[in-house]
Structures are given as structure tokens and as C-alpha cells.
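The structure under discussion appears below in the form of C-alpha cells.
The values are calculated or read from the model by the stated rules, or taken from the named source; none is laboratory data. Since the structure is predicted, the reported quantities are computational estimates derived from the model, not experimental observations. Please note: Cβ atoms are built from the backbone with ideal geometry, for glycine as well, and neighbour counts cover all protein chains shown. When the accessible area is computed, the model is the full protein with side chains, heavy atoms only, and any ligands, DNA or RNA have been set aside. Shrake-Rupley method; radii C 1.70, N 1.55, O 1.52, S 1.80 Å.
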Amino acid sequence: MDQAGRGASAIDGGNFKLAVTCYTEAIAQNPQAVSYYIQRSKAYTRLSPPDHQAAFHDAELAVSLATKRAKRELIADSQLRRAVTLFNLERYGDAKQCLWWVKKLNEKEKTLAIWEMKAETKLKGLEDGDERGKVTVEETPNVEVPKAVVGKKSAKEAEKTAEASASTSTTTNGTKEAAKESTAAVQSEGVQTHPSKIRHEWFQTNDTVVVSLFCKGIPKDKTTVEIKQDSLDVSFPLPTGSDFNLSLDPLFAAIDVSASSYKIMSAKAEFTLKKSTPGQQWANIEGAHPASTEETSADGDDTVKRAVLSDKSSNAGPVYPTSSKSGPKNWDKVVNDLSKKPKKDVKEGEEGASEDAGIEDEEGDPTTNFFKMLYKGADPDTQKAMMKSYQESNGTALSTNWADVSKGRVETSPPDGMEAKKWGQ
């Protein structure tokens, strides 16, 4: 297993100090790998105590590199990580700005709405002129990317050495044969196939899809491979100084990342992707991009309303209004039942960490966690309905019906036994 693989395993195992070490070594060999900086940033955040400044620096490097590669998904992922680290540094204005850039690139990012809500909540609590609310970040940070620490010469240095060696050999021996041999020896250290001749093919079996990338001299220590459930991305440097990129995004169907693998050989690289649905026949290696979901969904006619206002009557729990035909649901009972379920053990270094994967509430409030879980599992239209209703109603309504919510503003509507009050009353 390479250092990046060891780093990923260390994160999964909760050993974040080891993860930082492994990704640091991986970056030393391949400083152009965006995902390495993102993962090391996450590891820094989960250390005990967390190193938020180091996590932020890695996020800045990731944004810079992703922007150079001009890949929307990578830029969005990097900007989201940047936003999280800024939030942890209490730079809420900057965090909100980065989230806006994420939304511009990928408005369907699952955790985007939650982080927007968290940032907005913090900003509302600040006084005018508070430094934490100011926006100082640039969309593309001006940071210097570390250089690779390798034992071999870079591609450009190799070319210069080859030319110098060829000239010397010709002058000394009076022949060109020695020069050719010297040039070939140096070229063998890097890509030997002309970029226009690099190609890929694929075939499938009942359980797998195999992608072959034909190119001589692919540098193993400088190649970045990102295998995700719906995509395959490969990148490595060329002798010209630019990078070769193969991006199959999205794939025709989902794959099992944990069971997929790849190997780099002298004349090609081979990627074996395990089908999530064995027996499914792929019509092509790539699928169509998801269609826009701007149309109103007819799903989910239930409206959940929740209040955090002043109680003016009994001690009994409030009755939440609902548009459900089956009558009101006892959400308090649902939350209480949910909170009684055994919790998973928290691994070392995770307690109290602010992390983008987890929108878990730091205080462990079961009600908040329940509604976050409800949001996370919802479709895009339901998520839009939840965000719009919650924000416009001042936290008194949480609707899952976009067809209803999209018609107009959601008014403040406190439950029975409560009344809405303005701040300061």
C-alpha cells in the first residue's frame, strides 16, 4: 500500500497523527495531488488538539492546485474544505464567502446548506465591525506549492541532460549512435509516449469494468489516481511540463470503491473497477450528467414545524402544525426514541472536532441531530424546501414540500401554546 493509502486507512482507524505523517510523505512525492491536501487537512482538524491553521493552509493549497487543473468538482471540494477550516478559525465572513463559491460550482453539495446555516448563525451573533465577520479571502489563494522530493531528475532536467549528453557524445566520438543511446536512457525515467498518442480503452466482465490507459513510462511516484463511486480521475506530469489528465466523470454506473484497484506497468496503466451491481451491462464507460432538478417535485406533502420560542401556557410539549393528511406526528417521541439508541464509540481525536463530514452537533442534542439526519437523507427539492421554510419562518417551520414552499414566503407560525416575539421583548 502506498503512503496515501496508508493515510486513508489511518483516518478510517482514527489515528490522525499517523494520517498526517503518511499524507506528508505522499505529498513530498507528488505535490500536485489535490486530494492529498484535502485529506491531510481533515486529519489536522481531527487531531487532539486540532491544528486548524495547518488545516487551513492545506485547504488553500488544494484550492490553488484544483483551480490550475480547472476541474469544477475538485475546486468545489477544495473550497468547501477551505470554508470549514475558516469556520473553525472563527473567520465566519470568509467561511460564508467560500461557501458561496462552492454553491456556484456545485449547489447540490450535500453539506452545503448546513454549513451555510452554521456560518449565518455565527454572523448574526456578531456586533457591527467585528473582525470575524469581515471578508478578506480571494477566490484563488496566492500560495506556493511545495516541490516534489524525488531522487530522479525532473522531466525538463532530463531533457536538458539528454541534449547535453548527445552533444558531447557526438563531438567526442564523431558519431550519433552514442548520443541516441544516452538520450533513450534518460527518457526512460519519464513518459515516452507523445501526448497525442496516449489513449484509453475499456471492456467489461460480469462483475468488473477494466480501463486500460496506454502510455509508456507513466511515473508511478508522480501519478494521482482518484477512484470514486461515480468517477475515475488520473493525472501525471508530461515531459513538456504540463499534466496529462484522464477524467471519466460520471461513470455509466456506480462502482464499489473498496473492491476496485489499479496497477501501473511499463507500457500502460490498468484500472479494475468493481461494479456495484454485478451483471449490469454498461452501454458506455461514461454516463449522462444528471439532469437539472429545478422542476417542482410532487413527493413529500408532509410539513414539519418546530418552534424555539417562549412558552406562555402549560409545561406540556407543543403540538406542531402539520399538513399531513394522517394528522400531526409526535416528533418529540421520535426524537426521544432516537436518542435512546446506543451511540457509536468516538475514536481518539474526534471528540469536539469540527468536521465537514459531520454535521453532528457538538453538544450532542438529539433533536438537532435528528433533523440534520432527516435533511441529509432527503432529495434536492426536499432539501431546498427545508432550508427556505426554516430561514424565512425564523426557525418555526421546517417543510419538506417544495411544491408548497416554492409558491411564496413562509410566514412565522408558532405551535399551539407558544407565541412569537421580536428580539429584545
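Pairs from the table (Lys108/Lys263; Lys110/Lys147; Lys104/Lys197; Lys118/Lys220; Lys147/Lys197) lying more than 30 angstrom apart at Cα are Lys108/Lys263; Lys110/Lys147; Lys104/Lys197; Lys118/Lys220.
Expressed as a whole percent, the accessible surface of the range 216-283 that belongs to carbon and sulfur atoms is 50, based on a 1.4 Å probe. Treat each spin label as a single point 7 Å out from the Cα along the C-beta direction, and report the Met265 to Lys134 distance in nm. Here the answer is 5.9 nm between the modelled labels.
Computed from the C-alpha gyration tensor, the three semi-axes of the ellipsoid equivalent to the range 1-118 are 23, 17, 12 Å, from longest to shortest.
Ranked by the mean number of other Cβ atoms within 10 Å of their residues, highest first, the peptides 84-91, 226-233, 14-21, 118-125 fall in the order 84-91, 14-21, 226-233, 118-125.
Here the range 64-141 and the range 206-271 have alpha carbon centers that stand 30 Å from each other.
Peptides 56-63, 393-400 ranked from most to least packed, by the mean per-residue count of other Cβ atoms within 10 Å: 56-63, 393-400. Restricting the calculation to Cα atoms, every distinct pair contributes to the Kirkwood radius of the range 183-252, found to be 13.4 Å.
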